[in-house]
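All remarks here apply to the structure that follows.
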Amino acid sequence: MTAVNAASAIADEPIVALKPPVGPEAFEYKNLRQGEFWRHIPAYEAVDEKTFLDHIWQGRHSVKTPDELLSTIQKLASPDFIEDAKRGFMRAPMQVRVSPYMIALIDWSDPYRDPIRTQFIPLASRLLPDHPQLSLDSLHEQEDSPVPGLTHRYVDKALFLPLNVCPVYCRFCTRSYAIGGDTETVEKAVLATDPKKWERAFKYIESRPELEDIVISGGDTYQLSAKSLKAIGERLLAMPNVRRMRFATKGPAVMPSKILTDVAWTDALTSIVDQGRKLGKDVMLHTHFNSPNEITWVTDKAMRLLFERGVMVRNQSVLIRGVNDDTQTMQLLVKRLGYMNVHPYYVYMHDMVKGVEDLRTTIQTAVDIEKFVRGSTAGFNTPLFLCDAPGGGGKRDLHSYEYYDRENGIAVYTAPSVKPGKTFLYFDPIDKLQPDAQARWRDETTQREMIEAARAKAS
Ligand SMILES: *Cc1c(COP(=O)(O)O)cnc(C)c1O
Ligand code: SF4
């Protein structure tokens, strides 16, 4: 037998199937919503593709009041649902603002269970009492803020908040202390939203040589004009100490078409990334997808454009009850992001903020989901699950608790390189605990005892 014949004989041997073939359900992540999916919404029935994708049209037609919601979806939802939303809007700590893109992706035949409705439209009937240990600004960002609009908590990185508006408002926003307009229940702190005020933050960053990494968030950098985006980017790139920057925006998840239609904005971002590359500085986009339902052909097209331009994107999700708090949904989200070359970076425990107890879940749930997700795709496409410890301890690997009292829902964290010597507590939502533990949380004395016991076990 010649060498060539031997090789072809080997090639002809049957392939041994070590693994069973995968069924079509394994490819669900590639199954993106296609076509003019908005046309079933009464108000968008006559809206063509060009109009629907236009970011200005999207902004103008965002739903901000129960009346606007009703006139948009009309007969798609029951009068009971609209009434429930009306009362929900009144009691919510966040203003409401939902893009048409999001409205079109809500399953209006079952809005109570829909993951997108859950994130953006509060319903009075679903609200739960807040946890007794909960506060607004649970991350104490204002305490680590040397100048307005800048949080310097970690040694080498800082969070710059140049504006306090977003293309949508998320019910679960960490910064509900500052984001959006005042609501019936919360008066907002003032962030530096005026370009002249940004200069104070820039001066501070320049004065701290250890600051190498700047997160530009808000609010949402989608709402910065192309000119402001470029000005901020270039001002920071010019600082010798700044080596890394990330622009944070929820935009790709809630209004992906802006990347395609707001040419000036996308060009400004690309220009900063290109300038950064020439200077040896890393500039990225950080975004915030929570549900696989948020991802459609429009998202795919927008992410493709950024990829072609060399703009890398990372994603940070929040673990939200009824949105992504089960293994299958989280795995689908992670696979779908990876498919679009968006790296799933973090999944956060829901912060302990006011008025959204129905959205939180337990540390144990997160541990279980993480175990399931890890191993299903590339490691760099597998998110790290985090708890941003209330009280300013910063981000902690969820599994790194010093002690976790599962029964009473108390996890104790430490953060030696952020706040040495201090402990930080995260509390599971009370309605997820057994009835006897729920009863213990109703009594202030037992509350204190449980917390003290958990701290003692941790040390
Ligand atoms: C999240 C955060 C950062 C960035 O942290 P990474 O873990 O590097 O993504 C920086 N500053 C503050 C205050 C933050 O909350
Ligand atoms: S986009 Fe971000 S900053 Fe704005 S409301 Fe949502 S979570 Fe808050």
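The values are calculated or read from the model by the stated rules, or taken from the named source; none is laboratory data. What you see is a predicted model, and the numbers here were worked out from it, not measured in a lab. All Cβ positions, glycine included, derive from the backbone under ideal geometry; neighbour counts span all protein chains shown.
Okay, here's what the table says:
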| quantity | calculated |
| --- | --- |
| Close pairs (8 angstrom Cβ cut-off, 6 or more residues apart or separate chains): in the same structural domain as Glu402 (by TED's automatic domain parsing) and over 13 Å from Tyr404 (Cα atoms) in segment 436-459, in a helix (DSSP H, G or I) and acidic (Asp, Glu) anywhere | Gln438/Asp431 |
| Selection within segment 46-78 - touching a Lys or Arg at 6+ places or on another chain (Cβ under 6 Å) and more than 17 Å from Glu294 (Cβ to Cβ) | Lys64, Pro66 |
| Segment 149-163, subset more than 7 Å from ligand 1 (Cβ to nearest atom) and among the aliphatic types (A, V, I, L, M), residue nearest to Pro195 (Cα to Cα) | Leu163 |
| Condition met for Thr299 (in contact (Cβ under 8 Å) with a residue 60 or more places away in the chain, in the same structural domain as Val334 (by TED's automatic domain parsing) and among the polar types (S, T, N, Q)) | yes |
| Failed condition for Ala226, given (1) touching a Phe, Trp or Tyr at 6+ places or on another chain (Cβ under 9 Å); (2) at pLDDT 95 or above | (2) |
| Residue within segment 210-222 that is within 19 Å of the chain's Cα centre (by Cα), within 16 Å of ligand 2 (Cβ to nearest atom) and within 18 Å of Leu53 (Cβ to Cβ) present | yes |
| Residue in segment 395-414 that is within 15 Å of ligand 1 (Cβ to nearest atom) and outside any strand (DSSP E or B) present | yes |
| Residue match in segment 380-396 (condition: in contact with a Ser or Thr (Cβ under 8 Å, 6 or more places away or on another chain) and among the hydrophobic types (A, V, I, L, M, F, W, C)) | no |
| Checking Leu70 against (1) under 35 Å from the mean Cα position of the chain (by Cα); (2) part of a loop (DSSP other than H, G, I, E, B), the condition it does not meet | (2) |
| Residue match in segment 443-458 (condition: in a helix (DSSP H, G or I), closer than 19 Å to Val347 by Cβ and at pLDDT 95 or above) | no |
| The listed residue being at pLDDT below 90, more than 12 Å from ligand 2 (Cβ to nearest atom) and of a type in the set (A, V, I, L, M, F, W, C), out of Leu134, Leu128 | Leu134 |
| Members of segment 90-117 found to be in a helix (DSSP H, G or I) and either out of contact with any Pro (no Cβ under 9 Å at 6 or more places or on another chain) or at pLDDT below 95 (or both), listed by number | Met90, Arg91, Pro100, Met102, Ile103, Ala104, Leu105, Ile116 |
